[in-house]
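The values are calculated or read from the model by the stated rules, or taken from the named source; none is laboratory data. Since we're looking at a predicted model, the values are computed, not measured. Here the Cβ is made from the backbone with ideal geometry for all residues, glycine too, and neighbour counts use every protein chain on show. Quick note on the areas: whole protein, heavy atoms, side chains included, nothing else; ligands and nucleic acids left out. Shrake-Rupley method; radii C 1.70, N 1.55, O 1.52, S 1.80 Å.
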Amino acid sequence: MTYLLRIDSSASGDASYSRQVADSFAKDWSGDVVTRDLALNPLGHLDAAGITARTTPADQQTPEQRAAAALQDELVEEFLGASAYLFAVPMYNYSMPSVFKAWLDHIMIVGRTFGTGDAGPVSGRPAVLVSARGGGYGPGSPQYGKDFVVPALETILGDALDLDVRTITPELTYALVMEPLKHLVPLHETSLAEAHDLAHRYAADLSPVA
């Protein structure tokens with residue numbers, strides 16, 4: 001069975017613009033979708049047991065290591081079983097939500113998900129990254145160069161895991177709720193409309209052929 005693995009990480013529920021744009025993609029996806037909501041069901045951060053379990057023989061593991069290994073096995077098998085990926089990762093304080101970083105730390109295992117040779121186990125599989133943000137971070141904006149979400153994730157997902165990543169960044173979401181930014185509402189609305197349009201187009205391009 002192949003499926004789209006959708007990972008949500010916004011704490012804002014249905015109000016999340018990252019989730020809303022991801023919804024537009026998922027609704028047009030023609031195959032099965034498996035969803036893991038890290039906001040509703042957060043993972044614990046990778047700890048010493050999780051790290052050492054990777055190099056400790058199973059018959060020598062402590063109970064804590066066995067539990068950590070079982071969690072990592074579950075997450076890795078879910079990740080490797082997907083044929084495509086949808087990541088909804090908003091910008092929090094210039095970076096990604098900690099719940100998404102925790103998920104990455106659990107599934108980024110040398111020899112299993114990456115670092116296995118010229119072509120990794122998910123090399124070339126399509127991935128869509130949706131990252132909404134309160135301000136604007138494009139060239140010429142006051143915040144240009146301060147986006148530490150998309151560059152980091154394009155490196156991790158695109159370079160390390162070798163996924164074929166397409167990125168969607170609806171911007172200026174704070175324009176709707178912050179008085180000093182009210183004049184930017186039209187730009188936000190345009191950015192959001194373009195994000196939904198891209199999501200629909202990417203789903204049409206990447207969906208499996210029936």
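Going by average Cβ neighbours within 10 Å, how do the peptides 168-176, 149-157 rank, with the highest at the top? Provide the component values of the computation, followed by the final result.
Values: 168-176: 22.0, 149-157: 17.1.
Highest-to-lowest ranking by the protection proxy: 168-176, 149-157.
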Per DSSP H run of n ≥ 4, the term is -39500 (n - 2.57); total these for the chain, divide by its residue number, and report the mean residue ellipticity at 222 nm rounded to 500 deg cm²/dmol. -10500 deg cm²/dmol
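Ranked from highest to lowest mean number of other Cβ atoms within 10 Å per residue, what is the order of the peptides 61-72, 122-133? Intermediate results must be reported in sequence, preceding the final value.
Numbers: 61-72: 15.4, 122-133: 21.7.
Result, highest mean Cβ count within 10 Å first: 122-133, 61-72.
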Can you give me the distance in nm between label points at Y94 and S30, each placed 7 Å from the Cα along the Cα-to-Cβ direction? 4.4 nm
Please work out the Kirkwood hydrodynamic radius for the range 68-172, using every pair of different C-alpha atoms, and report it in angstroms with one decimal place. 14.6 Å
Taking the chain as the reference, fit the longest principal axis to its C-alpha atoms, fit the long axis of helix 185-206 to the helix C-alpha atoms, and give the angle between the two in degrees, 0 to 90, nearest 10. 40 degrees
At what distance in angstrom do the alpha carbon centres of the range 53-75 and the range 21-43 lie from each other? 28 Å
With P(r) over Cα pairs in 10 Å bins from 0, in percent in mind, check [x] 8, 33, 39, 16, 3, 1, 0; [y] 8, 32, 34, 18, 6, 1, 0; [z] 8, 36, 39, 15, 1, 0 and report the label derived from this structure. [y]
For the chain, what is the accessible area per residue in Å², given a 1.4 Å probe and the full set of protein chains? 49 Å²
So if I place +1 on the C-beta of Lys and Arg and -1 on the C-beta of Asp and Glu, and nothing else carries charge, what would the dipole magnitude of the range 60-210 be about its Cα centre? I want it in debye, nearest 20. 240 debye
Aspartates and glutamates with Cα under 19 Å of K146, excluding same-chain neighbours fewer than 8 positions away: E154, E171
Residue among T167, T35, T113 with the largest mean-square fluctuation in a Gaussian network model of the chain, springs linking Cα atoms under 10 Å: T35
Taking springs between alpha-carbon atoms closer than 10 angstrom, which of A53, A84, A39 fluctuates most in the Gaussian network model of the chain? A53
Of every Cα-Cα pair in the range 1-105, the percentage lying beyond 21 Å is 43 percent
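Less than 14 Å Cβ to Cβ from A193, Lys/Arg counted +1 and Asp/Glu -1: what total charge do the surrounding residues give? Let's see the in-between values first.
On the way: positive: R201; negative: E171, E189, E194, D197.
Surrounding charge for A193 is -3.
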